[in-house]
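The values are calculated or read from the model by the stated rules, or taken from the named source; none is laboratory data. Just so it is clear, the model here is predicted, and its values are computed rather than measured. Virtual Cβ from ideal backbone geometry, glycine too; neighbours counted across all protein chains shown. In case anyone asks, the SASA skips ligands and DNA or RNA and just uses the protein heavy atoms, side chains included. Shrake-Rupley method; radii C 1.70, N 1.55, O 1.52, S 1.80 Å.
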Amino acid sequence: MTSHVEQQIAARIAAVGAKTQQQREERAAFAERRAAGLQARKAAKLKRVYCATCARLKRRGTYHRCPNGCGAALCRKVPHCGNAHLRQCENRPEAS
């Protein structure tokens with residue numbers, strides 16, 4: 001037979017255990033949501049297009065791709081970007 005005090009202690013221990021388990025579950029759910037959010041953020045960053053020379057963010061229609069086929073985005077309005085990239089492009093044709 002257990003005393004009234006021992007029953008209260010056991011109830012408190014059980015309450016602390018339940019609270020700890022609830023906190024673990026909440027942390028796990030938060031970690032899953034955070035991971036999904038970070039994955040979405042990374043995917044959005046990879047969709048963005050930056051100039052290969054000046055590293056400015058380019059909007060649709062404000063850049064063109066490298067004519068040598070490397071796929072780099074280059075500013076349309078800044079001729080320096082295209083000229084600088086073409087000199088150092090990995091696919092540039094060799095001078096004979």
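Stretching V16 away from Y50 to a fully extended chain increases their span by 7.0 nm, per 0.36 nm per residue minus the current alpha-carbon distance.
Helix 79-88 axis versus longest C-alpha principal axis of the chain: approximately 90°, rounded to the nearest ten.
Over the chain, what relative contact order in percent results from Cα pairs under 8 Å that are six or more residues apart?
16
Taking Cα centre as origin and charging only the Cβ of basic (Lys, Arg, +1) and acidic (Asp, Glu, -1) residues, the dipole magnitude of the chain rounds to 800 debye.
Within the accessible area of the chain, what % is carbon and sulfur when the probe is 1.4 Å and the other protein chains stay in place?
54
In summary, the lysines within cross-link reach of K47, defined as a Cα separation below 26 angstrom excluding same-chain residues under 8 places away, comprise K58, K77.
Residues of the stretch 45-61 with an amide N closer than 14 Å to a point placed 7 Å from the Cα of V78 along the Cα-to-Cβ direction: 50-59. Rg and Dmax of the chain, both derived from C-alpha coordinates alone, stand at 29.7, 100 Å. Heavy atoms of the protein chains alone define the surface here; on that basis the chain has 85 Å² accessible area per residue at 1.4 Å probe size. Between E90 and A29, residue separation times 0.36 nm minus the direct Cα-Cα distance comes to 17.4 nm.
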